[in-house]
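> Quick one: the structure is below, questions incoming.
The values are calculated or read from the model by the stated rules, or taken from the named source; none is laboratory data. This is a predicted model, so every value here is computed, not measured. Reconstructed Cβ throughout: ideal geometry from the backbone, glycine too, with neighbour counts over all protein chains shown. Remember, those area values only see protein heavy atoms, side chains included, never the ligands or the DNA or RNA. Shrake-Rupley method; radii C 1.70, N 1.55, O 1.52, S 1.80 Å.
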Amino acid sequence: MHKNRALQLTGKPVLPEKPVRCFAGGLSLLYETGSIRYIKAGDTEIIRRIYSAVRDRNWGTVVPVIYDEEMDIHEDSFEIKFTAEYKQSPIFFKAAYRITGSRKGIRFTMRGAALSSFLKNRIGFCVLHPIKECAGKTCRILFPDGRKTTGKFPQTISPHQPFQDIASMRWFPAEGIEAEISFTGDVFEMEDQRNWLDASYKTYCTPLALPFPATITKGQVIEQAVELLFFGPVPNNGPRDLYFKVSGKKLKLPKIGIGESYLKIELDTESAALLGELKLNHYRTNINLSRKDWQSGVLRECSNAQKLDLKIEAALFLNTGSLSALPECIKLLKECMGEMACISVFNTEHKSTDTALLEQVMPLLRATFVGIPVGAGTDCYFTELNRQPPAMDLIDYVTFSVNPQVHAFDQLSLTETLETFRYIIESARYLARGKAIHVSPVTFKMRFHPDATGTVPQSSPEDLPFKVDTRQLSLYGAAWTLGSLKYLAESGTDFITFFETVGWRGLLQGDQDSPLPDKFPAKRNQVFPIWQIFKWLSAFDGGYVIPMISSQPLLVEGLMLTHQGRRRLLLANFTLDPQE
């Protein structure tokens, strides 16, 4: 396919290779670029994915180069070998992998060596467990010393590790089906990855209780193995039809808005007109009182909000050292600002807003902005809200941000994240105790490294910043946005802020060409496909969503809208193949 067509579809210059289907006795699975995924018995998913990861001192995932692949695929068995190089200065790690599958089970081994000395937070296998087949199910854990215990996969999102010190685990994915997975070469534990929008529980090495980052010395060898055993009859399920079940109820559309551009510019007339067509509700502006230029930022973004005729969502960042600037900030907001949507309070010294800061700022905000909702939470992942929720009696809503690329970056993994919105909103509602739920902002990539343990390397002038994803200008980006809208709306989210106005992280390119056209090929005044999603939505402003269930949500999802007797069905195909 022509390069431009690949960019249009996926935001990448080359289309991903199609996974290879393999069979191990009664189990089916897909092999894809160094990992195996969707290990199933009939339609019952046993394991979502098994892969190996090298993560640097800032939890950045080093993308491997895979070569010397050898595949020996048979009707009910297979053997796959490959070599992977993980190279990202100062990291240089090389490993040989072997995956075998037969009626006896599936075994995945790794033998790697460090070709340089470096700091790491993790090297080794990760096993992802599907939510649908595992949530609430009993799991028996065997410890390395032979002791056993019984627990359950969490139903609501667990803020901390549900299982630790795992040598093997045994569970029942479906009635009559039993699975067991064992680990060697390191100590493994499990986390609830829904905290970061992943659609899985993850069993990984090395325990977080151990100090990190840890030093790997040149020449050091690491060997690990994961083995999956399966017990029980294999359901004989044929191909599944693609269909939707439409419910008989309807839910109010959330209030939907957009964020200020990282470019920190006055919006041009044409961009403002295009964004104005979307009939959005609010405009998020970030006000960090620790920065010297916060006043000029407030004036500029208030002007942009007025051009778009949008209410202001003020994201207020402060700490004890900048509290003295709060009265001046409030005065400036009142002088230049139109109608306010809400004010979110964040402490720059904590990942989640602490009670002490709220007790200091809330009286002044309440007295000045009478009737305006004031909330708090985290500008980071839902994880931080889950671990340290703000004082609910002091606020009107909880807020947190989301992005689908904390742990994985391929298109299949991004599509998987969509169903997780439902679990996150359910868990957020449990924490909020009746208060409103704000998700702000939704972006394709993380905007900063909240868990970095060292200086985050800056991108070279020839490379896109880590915050930028070329899916922003792709059809897949529009499809993922539609899916996230669907799940957030159907879960009863009250308030959502998507992306930015213009630029690399926006809905439009704006009045200047992309500064790196070879890496992000966008022309001046280009409208990205994501814009069209919100344009379709604008005709149903003030309307409702009718919940729908797709029989194959990793292939196609749908959003049904209704307003004043009209209906509109929007469908998103996440694959590269036509679907019926």
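> Assess whether THR420 counts as being open to solvent by less than 20 Å² (accessible area, probe 1.4 Å) and farther than 29 Å from ILE312 by Cα.
Spelling it out, it is not the case that THR420 is open to solvent by less than 20 Å² (accessible area, probe 1.4 Å) and farther than 29 Å from ILE312 by Cα.
> Here is a further query. Could you tell me which of the residues GLU32, GLU45, GLU79 is in contact with a helix residue (DSSP H, G or I) (Cβ under 6 Å, 6 or more places away or on another chain) and open to solvent by less than 70 Å² (accessible area, probe 1.4 Å)?
GLU45
> If you don't mind, there's one more thing I want to ask. Does any residue of region 200-219 turn out to be without any contact (Cβ under 8 Å) to a residue 40 or more places away in the chain and farther than 30 Å from THR348 by Cβ?
Within region 200-219 (the criterion being without any contact (Cβ under 8 Å) to a residue 40 or more places away in the chain and farther than 30 Å from THR348 by Cβ), the answer is no, since none of the residues qualifies.
> I've got another one for you. Where residues in region 186-208 are part of a strand (DSSP E or B) and not acidic (Asp, Glu), which of them is surrounded by the most Cβ atoms within 10 Å (Cβ to Cβ)?
Across region 186-208, the extreme among qualifying residues is PHE188.
> Next question. Looking at (1) among the aliphatic types (A, V, I, L, M); (2) open to solvent by 40 Å² or more (accessible area, probe 1.4 Å); (3) modelled with pLDDT of 95 or more; (4) over 26 Å from ALA273 (Cα atoms), can you tell me which one VAL527 breaks?
(4)
> Hey, any hits in region 230-249 for a residue that's of a type in the set (Phe, Trp, Tyr) and closer than 30 Å to PHE183 by Cα?
yes
> Something else: In contact with a Ser or Thr (Cβ under 9 Å, 6 or more places away or on another chain), open to solvent by 20 Å² or more (accessible area, probe 1.4 Å), in contact (Cβ under 8 Å) with a residue 12 or more places away in the chain and of a type in the set (D, E, K, R): which single residue out of ARG433, ARG429 fits that description? Quick ask: steps written out before the conclusion?
Details: ARG433 fails: in contact with a Ser or Thr (Cβ under 9 Å, 6 or more places away or on another chain).
Every option except ARG429 fails the conditions.
> Could you tell me which residue of region 150-185 is most open to solvent (accessible area, probe 1.4 Å), considering only residues that are over 30 Å from LEU385 (Cβ atoms) and in a loop (DSSP other than H, G, I, E, B)?
GLU175
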